[in-house]
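Below: the structure, in structure tokens.
The values are calculated or read from the model by the stated rules, or taken from the named source; none is laboratory data. Everything numeric in this text was worked out from a predicted model, so none of it was measured. Heads up, the Cβs are rebuilt from the backbone with ideal geometry, glycines too, and the neighbour counts pull from every protein chain shown. SASA here: full protein model, heavy atoms, side chains in, ligands and nucleic acids out. Shrake-Rupley method; radii C 1.70, N 1.55, O 1.52, S 1.80 Å.
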Amino acid sequence: MRILIAEDDDDIRSVLELAVESLGFDARSAQDGQEAWELFQAEGADVIISDWRMPRLEGTELCRLVRAADGVPYVYFVILTALDSEEHMLQGMRAGADDYLSKPFSIGALQARLVAAERVTALHRALAQRDAERALALARRASLLRVARRFAAEVDPDSLLRDLIVEAVALVDGEVGVVYRWDERARRLSPVAISLDGEPVGATLALGEGAVGRAADRRQPVVLTNGATGGQRVAAEVAVPLLHEGRLVGSLSVRTSRTGASFTDEDVEGLELLAGIAAAAEVGLERAQLVAVTLAARELAHLLNNDLAVPVGALELLREDGSLPLQLREIVEQGRLSLLSAAEHVHRLQQLVRFETKKTPVGPALDLDRSAQRAER
């Protein structure tokens with residue numbers, strides 16, 4: 001501990017300095033309260049032992065200034081006085097002092113005060129550390145709530161994933177973030193978005209492959225240090241699965257190449273919460289798309305069934321007409337089958353269980369075969 005001594009008597013101040021140092025503590029001293037206050041402002045202290053009666057600034061006034069100081073750790077304050085009365089002790093305590101030491105004092109009495117000071121200051125520092133950790137946790141939760149609100153309002157899956165990467169990298173002070181989407185049909189994790197650093201996204205991964213694959217396979221976070229990803233050395237990497245109600249949606253990876261960097265338990269917990277929020281939003285968007293397509297398909301089916309009823313019926317009658325030339329009969333049959341195929345496509349739209357897309361020359365489009373496959377099975 002750092003002990004600050006405020007005493008205007010040269011002899012007593014010297015005795016206190018020697019006693020404090022003999023007990024293994026660092027001692028600084030001031031000749032009066034004003035000098036002690038200036039020293040405290042410049043260097044701080046864990047314990048202050050202050051005489052009561054001093055020129056310029058008395059011990060009780062010094063104590064009040066210390067207690068009113070903002071942003072400083074708790075200081076154990078001992079009043080040193082020859083005024084040995086209950087009234088003076090109460091005055092000192094009301095000023096904010098923790099203890100008092102009567103003149104003349106013994107080394108044992110001084111040591112007892114310093115032992116108590118160690119315990120009290122250690123407790124206050126532990127409480128301050130806990131409060132700081134709680135404040136950080138509250139700030140992180142507030143940030144996650146803000147992200148959740150933004151994710152809930154997002155209507156574009158690609159924008160959602162880009163936002164996820166930006167938030168994830170910022171949350172744990174990483175450098176590169178990648179989001180992988182789980183393809184149930186191919187049983188692979190496909191990279192779909194990466195942080196804006198110009199690097200290539202990379203190849204697909206199987207379950208258990210790399211930190212990303214292991215996180216998805218185990219359904220729990222994986223943290224690596226001094227490893228390699230995509231052929232590049234990384235100082236640290238953390239991967240968390242994107243899960244919603246037990247369903248694997250994908251996986252998120254954040255890494256850094258800074259020497260000595262690592263990810264804490266709090267970082268991992270924060271990424272898990274962020275990944276859960278994003279997974280729920282992603283599934284929500286998928287369901288919204290599915291509902292929209294299904295409703296549209298039902299309306300389309302209703303309209304087409306009405307519109308197709310007459311031409312299909314007419315073609316059926318023509319097909320049964322024995323006088324119809326063979327060439328025309330073939331055309332009628334082709335037309336009938338085309339109309340029935342159109343009706344079947346509409347019916348399959350109504351059976352969608354998930355929304356799968358495919359790449360086309362004009363952009364993403366609904367992959368009807370993959371979207372309706374599970375329903376058919």
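Assorted remarks:
- Exactly one residue out of E316, E356 is modelled with pLDDT under 70 and touching a helix residue (DSSP H, G or I) at 6+ places or on another chain (Cβ under 9 Å): that is E356.
- Restricting the first member to region 175-196 and to residues that are under 17 Å from G246 (Cα atoms) and open to solvent by 70 Å² or more (accessible area, probe 1.4 Å), and the second to residues that are assigned to a strand (DSSP E or B) and modelled with pLDDT of 85 or more, the beta-carbon pairs closer than 8 Å and six or more apart or on different chains are R181/L189; R181/S190; R181/V249; R181/G250.
- Residue check for E282: under 13 Å from V179 (Cα atoms) and modelled with pLDDT under 80: yes
- Residue list for region 64-76, restricted to those being open to solvent by 10 Å² or more (accessible area, probe 1.4 Å) and in contact (Cβ under 8 Å) with a residue 40 or more places away in the chain: P73, Y74, Y76
- Of residues in region 40-63 being part of a helix (DSSP H, G or I) and open to solvent by 60 Å² or more (accessible area, probe 1.4 Å), the one nearest to M93 (Cα to Cα): E61
- The numbered conditions (1) part of a loop (DSSP other than H, G, I, E, B); (2) open to solvent by 60 Å² or more (accessible area, probe 1.4 Å); (3) modelled with pLDDT of 85 or more; (4) over 19 Å from A280 (Cα atoms) are all true for Q220 except (4).
- Unique match (being at pLDDT 80 or above, open to solvent by less than 30 Å² (accessible area, probe 1.4 Å) and in a helix (DSSP H, G or I)) among A122, A117, A112: A117
- Restricting the first member to region 19-33 and to residues that are under 19 Å from A109 (Cα atoms), and the second to residues that are open to solvent by less than 20 Å² (accessible area, probe 1.4 Å) and outside any strand (DSSP E or B), the beta-carbon pairs closer than 6 Å and six or more apart or on different chains are A19/L110; A27/V20.
- The selection criterion, being part of a strand (DSSP E or B), in contact (Cβ under 8 Å) with a residue 24 or more places away in the chain and among the hydrophobic types (A, V, I, L, M, F, W, C), holds for I79.
- Verdict on A132 being farther than 30 Å from R53 by Cα, out of contact with any Phe, Trp or Tyr (no Cβ under 8 Å at 6 or more places or on another chain), modelled with pLDDT under 80 and surrounded by 17 or more Cβ atoms within 10 Å (Cβ to Cβ): no
- Among the residues making up region 41-58, those that are touching a residue at least 24 places away in the same chain (Cβ under 8 Å) and of a type in the set (A, V, I, L, M, F, W, C) are A45, V47, I48, I49, W52, M54, L57.
- Matching residues, region 4-15, being closer than 18 Å to E58 by Cα and either without any contact (Cβ under 8 Å) to a residue 24 or more places away in the chain or assigned to a helix (DSSP H, G or I) (or both): D10, I12, R13
- Residues of region 25-38 classified as open to solvent by less than 70 Å² (accessible area, probe 1.4 Å), under 26 Å from L127 (Cα atoms) and either outside any loop (DSSP other than H, G, I, E, B) or modelled with pLDDT of 90 or more (or both), total: 2
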